[in-house]
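J.: Let me give you the structure first, and then I'll get to my questions.
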Amino acid sequence: MLRIAIQKSGRLSDDSIKLFKECGIQFDSSSSGKLKSISANFPAEFLFLRDDDIPGYVEDGVADLGIVGENVYTETGREVNVVHKLGFSKCRLSLAIPRGTQWNGVQDLHGCGIATSYPRILGNYLKENGVEAEIHEISGSVEIAPSIGLADAVCDIVSSGSTLLSNGLKEVEVIYRSEAILIAAPGLSGEKAALLDKVMFRIKAVQAAQNNKYILLNCPADAVDKIMQYIPGMKAPTVLPLVTEGWVSLHSVINENDFWTNIEKIREAGAEGILVIPIEKMIR
């Protein structure tokens, strides 16, 4: 049985639970005080932990897998294997200063005090840029540090920036970009490695579906070759004859990023009655 550690609350927790349930792995996540749950249909036990603790649990082999923010993985420096980037819970680690302070670049922080919960990442960034500053490590409420005289600037996680603004700060420099990653303990047994492969197969199928759409359209038969240039599909589009002579129905898959770029070209080539449908799972 795989032991999988996920954050016990917050956005990363919600996104992680959603991912596993989209992968068809059923487990009870409804109780906020529950610390572990065994899947009803897959050999996995889920541990609900503080995000900062997950890399350590995985390194020590208490958990086989974990989902953490890339920022937490880098900051803790634990010896674990990064298996896959998951593409959700994206954020950035940024420098921020009081709104009325002029900013010319990171060299402005030379000799200043900076409050942060990420001293390792910040320290590496300052070293790379040749800046000597005093780092004040605090575990929470970093944004208040300048207003109480603890520091001249802060370095903290930013999603929308509203928290910085409400505390009289402005974001001036992004030093690290993060997203959720799947990590694994070094030296998984053969049996657990095989289970990890099964989990990854499901995750990749879910991610492929999220990035692609199923498209159906009607077009003149002599327009198929031109339209296929814009929607080649996984291998090739499906083409079915319509009752109306000289017309066909073309079915294919299109990457969502390409859809709006190509849709006008598809229409100009003669496509009509275009339907775009979400894909639940996509096995390549």
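The values are calculated or read from the model by the stated rules, or taken from the named source; none is laboratory data. Note that this is a predicted model, so its numbers are computed, not measured. Methodologically, a virtual Cβ is constructed for each residue, glycine included, from the backbone with ideal geometry; neighbour enumeration extends over all protein chains shown. Surface areas here come from the heavy atoms of the whole protein model, side chains and all, with no ligands, DNA or RNA. Shrake-Rupley method; radii C 1.70, N 1.55, O 1.52, S 1.80 Å.
J.: Rg and Dmax of the stretch 211-278, using alpha carbons, in Å: what are they?
T.: For the stretch 211-278, the Cα radius of gyration and maximum Cα-Cα distance read 10.9, 35 Å.
J.: Just to be sure I follow the definition: excluding the sites themselves, where is the longest run in the chain that has none of the GluC sites (Glu not before Pro) in a DSSP loop with at most 12 other Cβ atoms within 10 Å?
T.: Between the exposed loop sites, the longest stretch runs 133-244.
J.: Measure nothing fancy, just the Cα-based angle from helix 119-128's long axis to the longest principal axis of the chain, in degrees from 0 to 90, nearest 10.
T.: 90
J.: Moving on. From the helices alone, meaning DSSP H stretches of at least four residues, give me the mean residue ellipticity at 222 nm for the chain, per-run term -39500 (n - 2.57), in deg cm²/dmol to the nearest 500.
T.: -8500 deg cm²/dmol
J.: Of all the C-alpha pairs in the chain, what % are more than 32 Å from each other?
T.: Tail of P(r) above 32 Å: 47 percent of Cα pairs.
J.: Would you work out what percent of the accessible area of the stretch 56-162, with all protein chains in place, is carbon or sulfur (probe 1.4 Å)?
T.: 43
J.: Further question on the same structure: How long are the semi-axes of the equivalent ellipsoid of the stretch 91-178, defined as square roots of 5 times the Cα gyration tensor eigenvalues? Whole Å, largest first.
T.: Over the Cα atoms of the stretch 91-178, the semi-axes work out to 17, 14, 13 Å.
J.: Please give the per residue accessible area of the chain, computed with a probe of 1.4 Å over protein heavy atoms only, in Å².
T.: Each residue of the chain exposes 52 Å² on average to a 1.4 Å probe.
J.: Straight-line reach only, C-alpha to C-alpha below 18 angstrom: list the lysines that Lys36 could link to, leaving out same-chain residues fewer than 8 apart.
T.: Lys8, Lys18, Lys21
J.: Further, regarding this structure: Restricting to bridges with both residues inside the chain, how much of the DSSP beta-bridge set is antiparallel, in percent to the nearest 5?
T.: 75
J.: Quantify, in whole percent, the carbon and sulfur part of the accessible surface of the stretch 211-278 (1.4 Å probe; protein heavy atoms only).
T.: Percent of accessible area from carbon and sulfur atoms in the stretch 211-278: 52.
J.: Amide H neighbours of Val83 under 5 Å, at least 5 residues apart or on other chains, H built in the peptide plane: list them.
T.: Placed amide hydrogens put Leu182, Ile183, Ala184 under 5 Å from Val83.
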